[in-house]
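Visitor: What follows is a structure written as structure tokens; I'll ask about it next.
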Amino acid sequence: MHLINNLITNTSLGFRWYTTGSIVAGSGAPSGLASNQLYNPMSLAFGASNELYVADYYNNRIQKWVIGGTAGITVPGQPDAVSGSTSIYLNLPAGVVLDSSDNLYASDSGNHRVQLWRNGSTSGTTIAGTGTLGSSFTQLYTPRGLARDSSTDTLYIADSGNHRIMSYASGASSGTVAAGGNGAGTLTTQLYTPTGVYLDSSTNSLFIANLGANNIVCWVLGATGWTPVAGHPAGSLGSTSTLLYSPYGLTLDSMGNVYVADTSNDRI
């Protein structure tokens, strides 16, 4: 999810929506690299004890915020925001998910890889991609959103530069194309710069934020194409209630309702 103004707001306190939000991470403008600041946060995930993990994109780090805390703790990456390609660094992290043991998976988009940082570790292990952009089954090109199937220990990666979703089984040295992979476009067999991905286990489907095509699509695992969910199937952009403009991230609630970060329309 692409969040603006360098702060995270909480608009879902308890089990109902409020009309105003409260800041739970970051200090708002200006951006910065202090422990209480963020710089273009891109993705969120909760840990086993409800800590909030934030992909702090331009600070090249993942920050962990205890709810009610006044500052974040750098988990992957470096507190001084320095980027790099060795195992202790991140470069423009765009996605984050955690497992039940708080092992953290980060899409290290600038390094074209996904890193696994085990709980308490000071360095990461590359589990997808080679660190060099490419389109082979062992490579990624600007990976962004992540989704994880805890029942099979499978990771789904929005491989945005390759216009596909890649599936990586635990311990695998190469991935499998789960959706797209037929070039950029608006055909039902194609994706166009996918940035967000959500696994709906109840329907065995991937819901995909198809940023370049200005729509949200549903791709049943094993199918050869998608069905439209939101936005224009042919990629037309707009600001009406039926259109989207560069949707970046998405999630579903327990009722199957889809929530979309409609980035260029500045709305959910």
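Visitor: From (1) farther than 13 Å from Leu206 by Cβ; (2) of a type outside the set (Val, Ile, Thr); (3) surrounded by fewer than 17 Cβ atoms within 10 Å (Cβ to Cβ), pick out the condition that doesn't hold for Ser160.
Guide: Unmet for Ser160, out of (1) farther than 13 Å from Leu206 by Cβ; (2) of a type outside the set (Val, Ile, Thr); (3) surrounded by fewer than 17 Cβ atoms within 10 Å (Cβ to Cβ): (3).
Visitor: May I ask you to list the residues in segment 62-95 that are among the aliphatic types (A, V, I, L, M) and modelled with pLDDT under 90?
Guide: Ile67
Visitor: How do the strands (runs of 3 or more DSSP E) wholly within segment 138-244 filter down when requiring 1 or more residues that are acidic (Asp, Glu): which remain?
Guide: 143-149, 154-159, 194-200
Visitor: Follow-up. On the basis of being touching a helix residue (DSSP H, G or I) at 6+ places or on another chain (Cβ under 7 Å), of a type in the set (Ser, Thr, Tyr) and either under 21 Å from Met255 (Cα atoms) or touching a residue at least 40 places away in the same chain (Cβ under 8 Å) (or both), does Thr195 make the cut?
Guide: yes
Visitor: Show the residue pairs that are 6+ apart or on different chains and have beta-carbon atoms under 9 Å apart, the first residue being within segment 31-43 and on the phi > 0 side of the Ramachandran plot, the second being acidic (Asp, Glu).
Guide: What qualifies is Asn40/Asp56.
Visitor: May I ask you to list the residues in segment 245-268 that are surrounded by fewer than 18 Cβ atoms within 10 Å (Cβ to Cβ), in a loop (DSSP other than H, G, I, E, B) and not aliphatic (A, V, I, L, M)?
Guide: Tyr245, Asp253, Ser254, Gly256, Asn257, Asp266
Visitor: Take segment 52-103 and flag every residue that is assigned to a loop (DSSP other than H, G, I, E, B) and within 22 Å of Ala209 (Cα to Cα).
Guide: Within segment 52-103, just Leu92 meets the criteria.
Visitor: Can you tell me which residues in segment 124-137 are assigned to a loop (DSSP other than H, G, I, E, B) and in contact (Cβ under 8 Å) with a residue 40 or more places away in the chain?
Guide: Gly124, Gly131, Phe137
Visitor: Shifting gears a bit: So which residues in segment 198-248 are touching a helix residue (DSSP H, G or I) at 6+ places or on another chain (Cβ under 8 Å), closer than 23 Å to Val96 by Cα and not aromatic (Phe, Trp, Tyr)?
Guide: Leu211, Ser246, Pro247 - these are the residues of segment 198-248 that are touching a helix residue (DSSP H, G or I) at 6+ places or on another chain (Cβ under 8 Å), closer than 23 Å to Val96 by Cα and not aromatic (Phe, Trp, Tyr).
The values are calculated or read from the model by the stated rules, or taken from the named source; none is laboratory data. This one's a predicted model, so the numbers in the text were calculated from it and none came from an experiment. As a convention, Cβ positions derive from the backbone with ideal geometry for all residues, glycine included, and neighbour counts pool all protein chains shown.
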